[in-house]
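Input: a single structure, listed below in structure tokens.
The values are calculated or read from the model by the stated rules, or taken from the named source; none is laboratory data. All values derive from a computational prediction rather than experimental measurement. Using ideal geometry, Cβ is built from the backbone for each residue, glycine included, and neighbour counts are taken over all protein chains shown. Ligands, DNA and RNA are stripped out before the accessible areas are found, and what is left, the full protein with its side chains, is counted by its heavy atoms. Shrake-Rupley method; radii C 1.70, N 1.55, O 1.52, S 1.80 Å.
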Amino acid sequence: MARARISPGAAVVAIGALLAIASWPLDAYWTGLLTQAVIFGGAAVGLDILVGFAGMASLGHGAFFGLAGYGLALGTLRWGVNPWLAAGIGIVGSTLVALAFAPLAVRVRGLAFLTVMLAFGQVVWGLATRGGSATGGENGLPGVPRPSLGPWDLSGAEAFYLFTLLMAVAAIYAVVRFAGSAVGQSLIGVRDNETRMAALGYDVRRLRIIAFVVAATVGAVFGALSAAFNGFVGPGSLDWRLSAQLLLSVVVGGAGSLWGPFVAGAGLHMLETYFAGTTQRWPLVLGLLYIVTVVLLPGGIASLPRLWRQRRRSARPAATPRSRSASES
Amino acid sequence: MRRVLTFALAALLLAGGAVGSLQAAAQTPSAASGEPIRIGVLDPTTGSFAVFGEQVNDGIRLYFDGVGDQIGDRPVELIFADSAGDPQQTLEQARRLVGQEHVDLLMGTVNSAVAPPLAEFAGQQQIPLVLTVAGARDVTGENRNPYVFRTGLANGQQDRVLGWYTAAKLGKTRAATFAWDFLVGEERVAGFTETFTAAGGEIVAQQKPPLGTTDYGPFIGQVDPSSIDVVYAFFAGPGALAFVQQMHQFGLLPNLELVAPDYFTAGVLDQMGSDAVGTVQAGGYTAAIDSPENAAFKEAYAAAHEGAPGVYVAEGYIGAQVVADAIARAGSAEAQPLLDALAAADLTTAAGPLTFDDRGQAVRTVYVTRVEATADGVAQTIVETVPEVGQSWTPAS
Amino acid sequence: MSAAATPTLEVRDLTVGFGGVTALDGVTLAVRPGARHGILGPNGSGKTTLFNAVTGFVRPRAGRIVFAGADITGLPAHRRARLGLARTFQITSLFPSLSARANVAMAAREKLGVSGDPWRPAAAHAAAEERAAGLLADLGLRHLAERTVGSLGYGEQRELEIAVALALEPTLLLLDEPTAGLSVAETGALVELVRQLPAALTVVLIEHDLGVVFGLTDRLSVLLNGVLIADGPTAEVREDARVKDAYLGR
Amino acid sequence: MHFLVFQTLNGLTTGALLFFLASGLTVVFGLMRILNLAHGALFLFGGFVGYTIGERTGSFVLAAVAGALAAGLLGLVIQQAFSRTLLGSPFNQVLLTLGIAFAIGNVVLWIWGGAPRLIRPPEVLNGSVAVAGVFYPIYRLFLIGLALLAGALLWIFWERSRIGAVVRACVDDRPMAAAMGIPVDRVFAAVFAVGAALAGLTGVLGAPVLGLSIGLEFDVLLLAVVVVVVGGIGSLTGAFVGSMAVGLIDAFGKARFPEISYFTLFAPVILILLLRPNGLFGRAGVE
């Protein structure tokens, strides 16, 4: 396979530009839907660092997404802080929580990690639910304001969509660069063979922590965006269902491919919104969709181009690239 | 680098899909005078609130069927969406209803947690919102949003009547409260406690199981039955169902009096069966109401469904009636005239007279009922009727 | 042989146990710089456990491990690797989704201290790529460089393992049964590769193939049930009666 | 004293139900390395089938049998239809079994209409008796006893019976078992179906305590997963001890610190797993 001469940066910017242009003639509803889709897609890309690269499947990632949202909401609504500063507090706060918990969480692997993260997510969810008037309890915190960027007022649907795109482009660009960097390669090493990495002198624990925190920070960025977009955070912004949705997006997209989880994260959200407005059977439809995906496309959406290429040159015998199934057990 | 290319391809597909759907969006007509009035109905039809959301939808459908889907000379179109009881999904579907379906107003929703963000959204979009069941107090509180009206009762509204009734009329003055540990539970217990203590009652114990708990063993054991003479409970659906049964198993019922807001037995009274007998409840509707309006409602319901309508169906029906009445009087589905008409509402529903206070909260009759055994099961009978109950009702007022 | 030279590796009274089983029992041995040191013993005699203890993958119950004069008993595995202690694994242990060169570069990057760069593309670390390419060329594996490891033959993978370990520029290389499962031809190629390793590099190898052991090593330690039963120049040990009884004799 | 006895019994009741649920989950995992996230949905499905049969026949025993059979059959169908995917990568397992869980949950809503249901315990088990000075419902005591009995039977089956030995052989070394002529595929199918049947049985047995409602499937699933991982995946002893531990922590936590009962359950889980990453009775390498 010849290597394309396109830098990741250019590609991500180009995608952003395409999405911006494509949305030009859309009405407020579609820009709104795309905004939320890009937010979930971006969060899934971040989680892919942890799941696809470091091989650590988490059922508690929603916690970092939601914590940043709560930070933004508490900052603006309770402490009267400027929205930008509040978003910063949320993102930094969420990252710090990740940094504090990471050394503990990375001690365990596989299902135990999944369960520890599930428990962690439940504890955070409990804090949000039990926070009384501080967190609004079950009802959450409505009325989170959208900021303006200098003269650029972000309260309109289109303006906020473009802003979200801008942020997504920046965040995903950073993730793509990170994934392709020496550290990203090291994470693949940890996923494939932890013992070997240690024998090569790599500090495996540190690498796991890095993956954990990077994924959390990216999640936090999109969590803050989500809170600003919806004008609302609640326990549903960080519960295990959200965590499951993000994890499923990574798997449906194809763990370790980055673009697959983005498409799946965004696409699944749009599909869910569409089906939920159309039929009461939408959980059934989504469930069947997952089942069909896993049976027909076990490598996820990311394996589509490869299958397509294989089909095209099926006449010629060619070495099959090994699938990057990030299995861990 | 290959990854990057595929990334671009994926994004293009996504954008392409969006553009493709454009046409669908563009074809949707926007509401104008003479055109159909479009009403977006947001109730949970999946998840744990599904059964209640369905009933509210039934009530709304029933009313508009009854008027031939017509208000004045304008046809009515109902567009239903699933809120799933989840704020995030509610907002998404609300955006879809407003942005893509171009509805003139929103109504519905069951659980309180979705009401505040939905109210916020309605304010931003400047679209009228009529809440049917969700009782979150904030929505009709001090910082009330002028686009929001609630035809159902606010959390605690009926509990205030219940607190007074329990102490003053039943003569039970030592209570233990059991309510799920969430805002709705707090608001209800607070309403009950205020009028109950004002009438000489005392709260002996407060138990707060986590939201959704169905095994009350750990909580029932905390209360000494000899120290109380009445139990106030607020749970809903499966929680309420399990609670009455376990209170019997642990021997607290039927020896103690059980009082609760109407949503306690709503939808599960038949399942509770004999366990529910004796339960005293306060609420905005009961099938036992004896009025021509309720008779008409029950008759309409019986034509399409089995059995008697419950409070969720009734609240859907009443909400639809209030909306239709306001649109008819406003002669328009434009936001401002509609809001003005809603504020001036004064009509008689299946549950009695209904007006709004200056915060958009319905002022209605509250009925105190007792569950009694009948030949073919159990039914509520009215033991007290309290007219013009507002959200801050006290016996003196 | 200078008795004064600091041994590259010293193991003193090393005892390792798992639950109720004692895998190594008071093993003491020393490996001098530049040695070709063989470890012999039947299955389950504790050879791999010895490697694991030396490289930091199992914690000993008692005893010390001294590397180039420094006590490394308490150090985690990756710190030992950074000090120059490289190893291969009994079961091939590479990164199947990466190319051969990327596998070697992975080791080189850590050694060069650029593995922590979160920003530049991994392949942009030219020094690491060059060192990987150079190493593969030196070992006569240039033709494998761009192939995905998963598509390589088993013998090629075993050779690549050594290349990866060498990218750490170790002073001590531990080879765990490098020829296990190889054909005669593959074994020959691998032995040749080991023979060509720099003389200054200290090599310890576990090996079952006695031909390989006697051909490659100058010194031999024999383990039986976790106990060191013989230790000395290869020529002497192969004549040791106890060793013959326990292992070679049959 | 009253408090202690009462909450201990409550904890054991929850623990008993969790054990029925977790034993199926853990054996399936131990044998096939399948984390079946549809286990909760099978629980719900079995419960609702049991409810319907109970209503029709008025027999609790028939309801329990029907619930177990229906869920077991559904489990068998799932196992046969997706046997390859089920043995694939863990990620795909998660996707598949969660997809199945969503689908089953929605179909249950479709068929039974989402109204919460209650199954009444049989007449003989109604009411309460005095235990160490505490009035306690007979049905709950029955559940505790049943769990002890089931635990003992499962243990005997596992450790002492020939079939148990066959299954253990498959757990320890699949290729070796196949080489010895054990029909591994059929053992897999049978164990998966039995695991599902246990879930369905729990749905009926638990209904008098927990009720049956949409959404319950995921609440119980989270608890069962926690039990299995804490107890040590694949270990029946672990499932038993884990169930009772989680049940007791939950009961005392809720009673003593209802405000923070969300943490009283999950915080110890984090602690246990950090201290013993393989769970209380887990073996290293089995994860």
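The figures follow:
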item	result
Reachable lysines from residue C:244, criterion Cα separation under 27 angstrom, eight or more residues apart if same chain	C:47
Chain pair B, D: total accessible area buried, heavy atoms, 1.4 Å probe, Å²	2700
Helix runs (DSSP H) in chain D reaching 18 Å along axis by Cα, Kyte-Doolittle at least 1.0	D:2-32, D:60-81, D:90-112, D:138-160, D:184-210, D:216-231, D:261-275
Computed [θ] at 222 nm, helices only, for the protein assembly as shown once each DSSP H run of length n ≥ 4 contributes -39500 (n - 2.57)	-17000 deg cm²/dmol
Sequence-distant residues sharing a close amide H with residue C:174 (under 5 Å, placed H)	C:86, C:87, C:88, C:204
Solvent-accessible area buried by D and A, counting both chains, probe 1.4 angstrom, square angstrom	3900
Per residue accessible area in Å² of the protein assembly as shown, where ligands, DNA and RNA are left out and the probe is 1.4 Å	36
Nitroxide proxy distance, nm - points 7 Å out along Cα→Cβ at residue D:185 and residue D:124	4.4
Interchain or long-range residues, amide H under 5 Å from residue B:71's placed H	B:76
Using θ = phi - 60° and Karplus 6.51 cos²θ - 1.76 cosθ + 1.60, couplings along segment A:111-120 (whole Hz; Gly, Pro as x)	5, 5, 5, 3, 6, 4, 5, 4, 5, 4
Longest DSSP-loop-exposure-free segment, GluC sites (Glu not before Pro), chain C, at most 16 other Cβ within 10 Å	C:1-145
Acute angle (nearest 10 degrees) that the helix A:28-48 long axis makes with the longest principal axis of chain A, alpha-carbon atoms	60
Pairwise label distance in nanometres, residue D:5 with residue D:146, each label 7 Å out on the Cα-Cβ vector	2.4
Peptide C:149-159 - average C-beta neighbours from other chains (10 Å radius)	1
Those lysines that a straight Cα-Cα span of less than 16 Å connects to residue B:172, excepting residues fewer than 8 apart in one chain	none
Global geometry of segment A:1-110, whether rounded, prolate or oblate, following the gyration tensor of its Cα atoms and the 1.5 cut on a/c	oblate
Check: the protein assembly as shown dipole with +1 on Lys, Arg Cβ and -1 on Asp, Glu Cβ, in debye	4960
Test item: D:273-280 mean partner chain Cβ contacts at 10 Å	4
Selected from B:242, B:284, B:343, residue furthest toward positive end of dipole (segment B:228-373; charges at beta carbon)	B:242
Carbon + sulfur, % of accessible area of segment A:36-151 - ligands and nucleic acids excluded, 1.4 Å	71
Over 17 Å [Cα-Cα, segment B:134-218], rounded percent	54
Prolate/oblate/rounded call for segment D:19-215, Cα gyration tensor, a/c under 1.5 rounded	oblate
Charge dipole (debye, nearest 20) of segment B:324-397; +1 at Cβ of Lys and Arg, -1 at Cβ of Asp and Glu	80
Protection-proxy order for peptides D:268-277, D:218-227, each taking the mean of Cβ atoms within 10 Å per residue, highest first	D:218-227, D:268-277
Hits among lysines - C-alpha to C-alpha of residue D:254 under 16 Å, sequence gap 8 or more where chains match	B:208
Complex-versus-alone comparison for segment A:250-273, residues with a loss of 50 Å² or more in accessible area, probe 1.4 Å	A:251, A:259
Anisotropy class of segment A:8-240 from Cα gyration tensor, a/c 1.5 cut	oblate
Chain B: angle of helix B:292-304 to the longest principal axis, Cα-based, in degrees nearest 10	70
Dipole-positive endmost among A:111, A:23, A:228 within segment A:8-240 (Cβ charges, Cα centre)	A:111
Most to least accessible of B:138, A:192, B:275 (protein chains only, probe 1.4 Å)	B:138, A:192, B:275
Vicinal HN-Hα couplings computed from phi for segment C:78-84 (Karplus, 6.51 cos²θ - 1.76 cosθ + 1.60; Hz; Gly/Pro x)	5, 5, 5, 4, 5, 6, x
Inter-chain shielding of D:256-266 (mean C-beta neighbours from other protein chains, 10 Å cut-off)	6
Listed residues B:223, B:204, B:192: farthest to the positive end of the dipole of segment B:160-239 (Cβ charges)	B:192
Calculated from backbone phi, Karplus (6.51, -1.76, 1.60) coupling profile of segment A:230-238 in Hz, x at Gly/Pro	7, x, 7, 10, x, x, x, 7, 9
In degrees, nearest ten, helix B:50-66 long axis to first principal axis of chain B (Cα)	70
Ranked packing of D:158-166, B:59-67, most packed first, by mean Cβ within 10 Å	B:59-67, D:158-166
Interface residues, segment A:29-50 - accessible area loss of 20 Å² or more versus chain alone, probe 1.4 Å	A:29, A:30, A:34
Distant-in-sequence amide H partners of residue A:56 (H built 1.01 Å from N, under 5 Å)	A:51
Heavy atoms of residue D:176: accessible area, 1.4 Å probe, square angstrom to 10	110
Estimated dipole of segment C:85-169 in Debye, rounded to 20 [Cβ of Lys and Arg +1, of Asp and Glu -1, Cα centre]	80
Fraction of accessible area attributable to carbon and sulfur, chain D (%, probe 1.4 Å)	70
Sulfur and carbon atoms: percent of accessible area, segment A:207-259 [1.4 Å]	67
Accessible area, probe 1.4 Å, largest first, for residues A:95, B:348	B:348, A:95
Residues losing 10 Å² or more accessible surface upon assembly, segment B:195-231, compared with the chain by itself, 1.4 Å	B:208, B:210, B:211, B:213, B:214, B:215, B:217, B:218, B:219, B:221, B:222
